[in-house]
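Novice: Have a look at the structure that comes next, please.
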Amino acid sequence: MYREFAMSMLFSAVSLLTFQTPGSDANELEWTKHIAAVKGGIHQYVCPDRSRVDVLTDEYAYEVEWVNKWKEAPGQAVLYGLLTNKKPAVVLLMKGNTSDKIYYLRCLAVCGKLGIRLETYDVNSE
């Protein structure tokens with residue numbers, strides 16, 4: 001009897017850790033919610049100046065952005081890092097287009113120079 005109870009509790013715990021993944025046609029807000037859940041962070045954390053950090057974790061303030069709009073992300077990440085006393089980070093949402101690679105490399109150069117953590121999220125493979 002104890003074994004069945006333990007297995008039941010284990011399956012319940014596993015199902016709590018399973019997150020609904022948005023589809024490739026989902027908008028940025030849906031992906032941001034998903035990433036916050038996966039990282040165990042706060043979604044849309046409101047700063048004292050009323051700006052919103054897309055995902056705030058214990059260590060990082062993440063700006064989530066579509067890769068083709070990468071230019072907006074590093075500046076916002078730096079601001080959010082300053083406002084929250086966290087390290088700045090960027091998550092680029094990528095669909096695997098040829099132009100995605102060019103945008104990613106540009107963002108990588110800027111983030112590398114500024115010491116910003118850069119992550120990517122392939123929205124097609126989720």
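Novice: Would you mind putting 53-60, 96-103, 28-35 in packing order, based on average other-beta-carbon counts within 10 Å, highest first?
Specialist: Ranked from most to least packed, the peptides come out as 53-60, 28-35, 96-103.
Novice: Using θ = phi - 60° and the Karplus relation 6.51 cos²θ - 1.76 cosθ + 1.60, list the HN-Hα couplings for the stretch 109-116 in order, rounded to whole Hz, with x at every Gly or Pro.
Specialist: Each residue of the stretch 109-116 in turn: 4, 5, 5, x, 5, 8, x, 9 Hz.
Novice: Something else now. Given the stretch 51-123, what count of lysine pairs have C-alpha atoms under 15 Å apart, with each pair 8 or more places apart or on different chains?
Specialist: Total qualifying Lys-Lys pairs in the stretch 51-123 comes to 5.
Novice: Another question about this same structure. Within a Cβ distance under 15 Å of R117, other residues only, what is the Lys/Arg minus Asp/Glu net charge?
Specialist: Residues near R117 contribute -2 overall.
Novice: Strictly greater than 17 Å: what percent of every Cα pair in the stretch 31-126 meets that?
Specialist: Beyond 17 Å sits 45 percent of the P(r) for the stretch 31-126.
Where a number appears in this text, it was derived from the coordinates with a stated rule and is not lab data. The structure presented is a predicted model; accordingly, all values stated were derived computationally and were not measured. No Cβ is skipped: glycine too gets one built from the backbone with ideal geometry, and neighbour counts run over all protein chains shown.
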